[in-house]
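**Student:** For reference, the structure I am asking about is given below.
The values are calculated or read from the model by the stated rules, or taken from the named source; none is laboratory data. This structure is a prediction, so every number in the text was calculated from the model and none was measured. Because the Cβ atoms are built from the backbone with ideal geometry, glycine has one as well, and the counts that use them run over all protein chains shown.
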């Protein structure tokens, strides 16, 4: 588990985790392929136990030297089977109940009802970011299993694609090419953007995950793209985000816009010349309107 997910799962700040690592020799993370801290499951479970005991007044210096069995005994009955739940209440989101109960029919019904109530654009811009965050947090805290998180992702993707299939393609620009760079495996954000663009009648091609910059540049030319859109999750190495965007902007034709969105914090902290950052999924719609207004001005001149 990456450090951001451990922070969410346990409530222990990442700065504190690093201090404990130096001071106490625990936790002892490994390193992933990007060189980022990666915490084994048994260490995360121990951290959850420690977090619950700290909330009851125990000092971390005493706790980190204990093994999980000793921590569970100190915490009392039930702690070894649900320390994350003991430290904090279950997340209150209606989408989580059918996941925990493995009730696929109710999960589909709930998402379909949300789309009917809010409309597809409202669902994508308002409800879906909240659901994504809560499902991710529930997984990080151990409230749901990995397969239950996958069930959510596959179900919502299937339903979004079905909704897009009902839309009439209008061909109103911009022509958008969507992808993630080689270090990014998450594609749910791309599908959300693609659905919004379909509602706007924009021709859109998605190449999915892990596309090298050189291939993106070639694809942009092949598809006559006006925009290349990229998505970055919070777990993506910040240096890879910045380096990839700078390389892409440098190699694309100047008239092709670059849009970057997602939950990576580095997007809010650093400006990259020639890259339009979209902090929220709803920013896609005004970006499309702005592009069209610019095209009209260029045509008029």
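**Student:** Step by step: first the residues of the stretch 193-212, then only those that are touching a residue at least 60 places away in the same chain (Cβ under 8 Å) and closer than 12 Å to residue 229 by Cα, then the one that is nearest to the chain's Cα centre (by Cα). Which residue is that?
**Tutor:** Only one residue tops the list, namely 193.
**Student:** Which count do you get for residues in the stretch 29-49 that are free of Cβ contacts under 8 Å to residues at least 40 places away in the same chain and either part of a helix (DSSP H, G or I) or assigned by TED's automatic domain parsing to the domain that holds residue 136 (or both)?
**Tutor:** Here the count works out to 4.
**Student:** Within the stretch 59-78, is there a residue that is surrounded by fewer than 19 Cβ atoms within 10 Å (Cβ to Cβ), closer than 30 Å to residue 151 by Cα, at pLDDT below 85 and not assigned by TED's automatic domain parsing to the domain that holds residue 137?
**Tutor:** Yes; the residues of the stretch 59-78 include at least one that is surrounded by fewer than 19 Cβ atoms within 10 Å (Cβ to Cβ), closer than 30 Å to residue 151 by Cα, at pLDDT below 85 and not assigned by TED's automatic domain parsing to the domain that holds residue 137.
**Student:** Check residue 26 against each of (1) more than 18 Å from residue 139 (Cβ to Cβ); (2) in a helix (DSSP H, G or I) and name the one condition it does not meet.
**Tutor:** All conditions are met except number (2).
**Student:** Within the stretch 30-57, count every residue that is buried (at least 16 other Cβ atoms within 10 Å of the Cβ) and over 22 Å from the mean Cα position of the chain (by Cα).
**Tutor:** 11
**Student:** Looking only at the stretch 260-301, which residues are touching a helix residue (DSSP H, G or I) at 6+ places or on another chain (Cβ under 9 Å), outside any helix (DSSP H, G or I) and surrounded by fewer than 16 Cβ atoms within 10 Å (Cβ to Cβ)?
**Tutor:** Applying the first criterion (touching a helix residue (DSSP H, G or I) at 6+ places or on another chain (Cβ under 9 Å)) to the stretch 260-301 yields 260-267, 269-270, 272-282, 284-285, 288.
Subset that is outside any helix (DSSP H, G or I): 260-265, 270, 272-280.
Correct list: 265, 270, 273, 274, 279, 280.
**Student:** Pick out the one residue from 256, 185 that is more than 14 Å from the chain's Cα centre (by Cα), in contact (Cβ under 8 Å) with a residue 24 or more places away in the chain and not assigned by TED's automatic domain parsing to the domain that holds residue 107. Let's see the steps before the verdict.
**Tutor:** Numbers: 185 fails: more than 14 Å from the chain's Cα centre (by Cα).
Going through 256, 185 in turn, just one is more than 14 Å from the chain's Cα centre (by Cα), in contact (Cβ under 8 Å) with a residue 24 or more places away in the chain and not assigned by TED's automatic domain parsing to the domain that holds residue 107: 256.
**Student:** What number of residues within the stretch 85-115 satisfy the criterion of being assigned to a loop (DSSP other than H, G, I, E, B) and modelled with pLDDT of 90 or more?
**Tutor:** 5
**Student:** Within the stretch 211-226, does at least one residue satisfy the condition of being surrounded by fewer than 18 Cβ atoms within 10 Å (Cβ to Cβ), at pLDDT 90 or above, over 18 Å from residue 281 (Cα atoms) and in contact with a strand residue (DSSP E or B) (Cβ under 8 Å, 6 or more places away or on another chain)?
**Tutor:** For the stretch 211-226, residues surrounded by fewer than 18 Cβ atoms within 10 Å (Cβ to Cβ), at pLDDT 90 or above, over 18 Å from residue 281 (Cα atoms) and in contact with a strand residue (DSSP E or B) (Cβ under 8 Å, 6 or more places away or on another chain): present.
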